[in-house]
Structures are given as structure tokens and as C-alpha cells.
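Contents: one structure, followed by commentary.
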Amino acid sequence: MTIPRRGHPGRLAAAAGGLVAAALAVALAVPATAAGSTLQAAAAESGRYFGTAIAASRLNDGTYSSIANREFNMITAENEMKMDATEPQRGQFNFSSGDQIVSWARQNGKKVRGHALAWHSQQPGWMQNMSGSALRQAMLDHVTQVATHYRGQVYAWDVVNEAFADGSSGARRDSNLQRTGNDWIEAAFRAARAADPNAKLCYNDYNTDNWSHAKTQAVYSMVRDFKSRGVPIDCVGFQAHFNSGNPVPSNYHTTLQNFAALGVDVQITELDIEGSGTSQAQQYQGVVQACLSEARCTGITVWGVRDTDSWRASGTPLLFDGSGNKKAAYTSVLNALNAGGTSVTPGPTNPTPGPTNPTTNPTTPPPTTGGSCTATYSEGQKWGDRFNGTVTIRANGNISSWTSVVTVRSPQKVIATWNGSPSWDWSGNVMTVRPSGNGALASGQTTSFGFTVQHNGTWTWPSVTCVAS
């Protein structure tokens, strides 16, 4: 995720209770004297960091900056180090906003995660219009110039972001970068290593939390291949955007453990969990405990400071409310961090292989079909040049699956999706979304997916439809 997704967006899964119970079983107690009173202090007791995403425009907000300074020791720029921000015109770089964030972080004793060097989304307009070898060279030049500018100032880079498709195919995402050749990810990592030899180099993605999912297995296979051939990859980032339709999967720790066993660090890079109260607190606790139980899970970053700063603000997904007050989720995270976990044995030398035909959503289908479905659009967060939307699918009778069509008005473009498997028509204005897995719903049940629209001056809501099967 990133913002917006991306940013950001995402995702599908199984029940969280199993994760919480399993993680509780592996959490190790530490002496009470080691307890930290802030997130960063508590994480440091086990040798980990606890970070947040920062927007340069909010650093003058006293409540925002004081919480960020007090609680977090790893900083990620929300948008200021992405491709469109750093190279708005080809060969003309603008690092002012990114430098502002790096300067604030370093002045306050924090490390920086660089996000992101190469991505199919949030490309500047000039790059969107390129293809083939010219695009490949432009991408490599960008990676080199940005990583060189921040050489020695960045702890880790998300070198490539979100390069795999959602759904059950296990394929690479069809993007302009992918169409330059299947080795583009490897080329980006090699360029980043040459430009900034001491930074950790990470692959970052969403919907890779469930070990049985095809997308998770595809990323795993790429990382295994890279390690076997000496491609410079040091870490894998798990965005971890969760909600009621995509809770923390019960095998989350298995995923972290098996990636770590390949010889890479694992990091939770964009954590946010929509919800409130005890349920939200328990899911946050489970994520932290899963990280603490894996020795190579080196840190956790939440994507934003307060709920109102989040790209999913309506879902109140963060640890502080809009006024900067600590939520129940904050307390659960702090307590979990203070429970420790660094002495847990690292993952197995030979990771458990994924299923031959991974399942994507273990929902039991309803006994009969023949119902219809309704699609309802709701507006999400807005930015100056884009907005988020959510489509809720409701089953009117038992259905085995559903298909939703989203139509945006030109010159609008959908630039990111989550919780569904999208495809587009030739115009790019009509998006067909199917479930990322089992789409079965019993009568009255709902599910949802979301997307980000770059509005290009047109704020009209998309039209949405649903057809059941």
C-alpha cells in the first residue's frame, strides 16, 4: 500500500483467532524491568524497530509530529520518495519533500525506509507513456539516481513494489514495467545494490499474508530463485492491510517463517487494521506476536500516525484516534512488544512447501445457488488528485460467486485496487472485478473491494453493477 494503492490497499483471508492463539503460545516473557513505555522502546527490547509512515505536509502539526517522534524509530515517506514525486520530468529530479522527511527523521534519531524505487503505479506521466527498452532504461536510471541521492541515509529500500497479480494465477502483474521483460525486477535490484551498497534491498507487496495463496507462493518462488542465483535481495516486506473481509490469516506466522528461512529478513511494512475495540486490538496483537516469534522479523511499520491521517480513515485502522489518543489497539501492541520474543528459533532450513493448488478463501459455499447480488458504492478518502471508493457486494439469496463492473468517467483512471481480482477493457475505463478466491456468499452476506481513482479533474462517482452466478 502504499498511499494510495496502493498504497494501498488490500486483501483476503481466514479467521484471526487462530493466529492470536498460536502467537500467544510462542510469545516469550521478559523481565518486567525491560518493559518499554513507548512503541519504539518496547520494540527495541527485542532488537526490533517500530515505525510509521510520515507525510511531509503534516510535520507542522504539533500533535502529529510529537506522537511520531515519541513512539516510532523508523520512518517511511508516504508518497514523497515515489517515482512521480522524485522525477516529475525525465532526468529532472526533485528531492525536496523526501529530503524534508529524511532530515526530520535523522535529526530526531530515527532510521528511514525508502519507498519505493520501481512500481507500476504513481509513475510520472512521461514514464506512463513509455514502453520497451526505453522504459527499461528510464526505470534503471531512476533507481540509480534516487538510490544514489539517498546513499548512506536509508536503512532499507522497497526496490520493487507490488509486481504480482492478485487472484489465483500466481502470475506477474501485467504492467508497462513487466512488459519490458520478466527480468526487470532483478535488474532493478542489481541497480539499487550498485547505487547504495549498504542499504537493505526489499521486495514489498500486499495480499501475501496467507501462506496458501497463489500470490504468496509466487513471491516466495521469486525470492527463492533470487537467493539461489545471487540476485541481491535482503528482505521481503508484507504490507499487512487487514479488515473484516480480510482478517489476519491463521497461518501468518508460517508465511513469515518460511520466507525468513530463505535467508531474508521479513518486515511488516504498512500495517493497518480496520475496526475498533477488542477485535481490532486482538488482531494487532496477533500480528505483533507473529513477528516476535520469528527471529528474522526485524520490525513493524504502521501506515500512518492517527486514524485521520490514514488512507483508510473511515475504517479507523491505526493505533491513535483522530485526536491523538491511544486506542485499545495501542495498548495491545505495547503489551505484546513488552512480552518479548527474540530467542525464538528461526524458521526451518527447508520451509514447508505450499500446496500444489493453493486455495484462496476457505469459505464453505452455501448449499444452494440461484440468488442475485447488489453492488453499492461508497466514497472513501480524497486527496488533491485521487480518491478511494469501496464497493459492497450483497447476496440476495445464496450465490456461488459474483462479478462486478466498475465504470469510471474519462479522463479518470483506476490506479490501484484491493480485495478483488480486476481486469480492464481496452479503454481502461471499465474494470471487471471478480473475487480473489471463493466468491460464495449466503443470502444476506456481504463482501467488499476497493480502488483508487486518479480523477484528473473529474470527481464524478463511478457506476457499479453486480451479476451473481
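The values are calculated or read from the model by the stated rules, or taken from the named source; none is laboratory data. Please read all numbers here as calculations on a predicted model, not as lab measurements. Backbone-built Cβ (ideal geometry, glycine too); neighbour counts: all protein chains shown. Each accessible area value is taken on the protein alone, full model and side chains, heavy atoms only, with ligands, DNA and RNA left out. Shrake-Rupley method; radii C 1.70, N 1.55, O 1.52, S 1.80 Å.
Observations on the model:
- Per the chain, cysteines lacking a partner by the 4.7 Å Cβ criterion: none
- Fraction of accessible area attributable to carbon and sulfur, the chain (%, probe 1.4 Å): 48 percent
- Each helix, a run of at least 4 DSSP H residues, gives -39500 (n - 2.57); summed and divided by the residues of the chain, these come to -8000 deg cm²/dmol at 222 nm.
- Accessible surface computed residue by residue for the chain, with neighbouring protein chains in place and a 1.4 Å probe, gives 36 Å² per residue.
- Averaging the Cα positions of each part gives two centres, and for the range 277-302 and the range 403-422 these lie 31 Å apart.
- Averaging over all projection directions, the Cα-based convex hull of the chain occupies 20.8 nm² in the image plane.
- Dividing the Cα radius of gyration of the range 36-150 by its Kirkwood radius returns 1.06 for Rg/Rh.
- Kirkwood hydrodynamic radius over Cα pairs of the range 373-468, then Stokes diffusion coefficient at 10 °C and 1.306 mPa s, in µm²/s: 118 µm²/s
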